[in-house]
C-alpha cells in the first residue's frame, strides 16, 4: 500500500479471477466508483492463476486535504 500525497492511495496485491467480483462488490459497497476501462475481462483469465492487481483510490474532495491516513501494513 502506498499513499500518494493527500489524495490517492495505491494498493497492490495478487488475486485469483474468481475473487474479483467479490472485491469489486466490497469496494462499491464502501462508495468507491470504478473506471470501466481499467477492469479486466474476467472470462479471458485462467482460473488457477493468481494475477497482480493495482488499485488506485483517488479523492477529488477538498475535505480530504491533510486528513488521509494510511495504516501501516507489514510486507
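Rule-based calculations on the coordinates, nothing more; no lab input. In this text the structure is predicted, and so the values were computed from the model without any measurement.
Please compute the length gained on full extension between residue 30 and residue 53, using 0.36 nm multiplied by the number of residues separating them and subtracting their Cα-Cα distance. Before the final figure, lay out the partial values.
Details: separation 23, 0.36 × 23 = 8.28 nm, distance 1.90 nm.
Gain in length upon complete extension: 6.4 nm.
Please report Rg (one decimal) and Dmax (integer) in Å for the Cα set of segment 2-62.
Gyration radius and largest Cα-Cα distance of segment 2-62: 12.8, 42 Å.
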